[in-house]
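The values are calculated or read from the model by the stated rules, or taken from the named source; none is laboratory data. All values reported here derive from a predicted model rather than from experimental measurement. All Cβ positions, even for glycine, are placed from backbone atoms using ideal geometry, and neighbour counts span all protein chains on display.
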Amino acid sequence: MSSPLILGGDHSIALGSISGVAAVHKDVGVIWIDAHTDFNTEETTPSGNIHGMILAALAGLGNERLTHIDGWSPKVQMGSIVIVGARDIDPGEQALLREHHVHVFTMPDIDRLGMAQVMQQAIARAGQDGHPIHLSLDLDSLDPREAPGGWYACAWRTELPRGAPGDGDGRRFSAACSNGCSRGQLNSRP
């Protein structure tokens, strides 16, 4: 069996790609590698940006125009979602993630456990009972020293030092972004 590779410019593409995979594999697990959890709804989002609602919509939370893409919902079960690399989580997202028992590995978790251990656990959770796994990668999860084009927008606006996301526990990066991204003040590079 072949595995598709889907490339996009924004993590919102996952609404379509995971919906397509889930139409074939109803029990697909998701490993969401992203600096953001994208688990907001219209009620929790500080910014109103749809790209911050995609994973919640795939799990059946939020506006029906998003949750019922392709005519059905949810596309993914909450227990089959694992988020890796989160370092900017809005308060409303935190509440939803806790309420629905979605497993999140933050940057401090990665620093403490190591990426190999985190990914082993993520694969075990998302692929429970032999379920197929959809891996979704947002470039803002990468260290900009290794992938300079993968910064997320707030890094450009807040003039963050280039090495900040790789600073061990991500404190400088999270602090700077909480002053911009979390409040939805910026959506693109200036």
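Side notes on the structure shown:
- Residues in region 45-70 that are surrounded by fewer than 20 Cβ atoms within 10 Å (Cβ to Cβ), small (Gly, Ala, Ser) and modelled with pLDDT of 95 or more: GLY60 alone.
- Among the conditions (1) surrounded by fewer than 16 Cβ atoms within 10 Å (Cβ to Cβ); (2) touching a Ser or Thr at 6+ places or on another chain (Cβ under 9 Å); (3) on the phi < 0 side of the Ramachandran plot, GLY79 misses just one, which is (2).
- Evaluation of GLU93 against (1) within 15 Å of the chain's Cα centre (by Cα); (2) free of Cβ contacts under 8 Å to residues at least 12 places away in the same chain; (3) buried (at least 16 other Cβ atoms within 10 Å of the Cβ) (one fails), failing number: (2)
- Meets criteria (assigned by TED's automatic domain parsing to the domain that holds GLY130 and hydrophobic (A, V, I, L, M, F, W, C)) for ILE6: no
This table checks each residue for (1) buried (at least 17 other Cβ atoms within 10 Å of the Cβ); (2) of a type outside the set (D, E, K, R); (3) under 28 Å from MET115 (Cβ atoms).
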| site | (1), (2), (3) |
| --- | --- |
| LEU5 | no, yes, yes |
| ASP10 | no, no, yes |
| ALA14 | yes, yes, yes |
| ILE18 | yes, yes, yes |
| VAL21 | yes, yes, yes |
| HIS25 | no, yes, yes |
| ILE33 | yes, yes, yes |
| THR37 | yes, yes, yes |
| GLU43 | no, no, no |
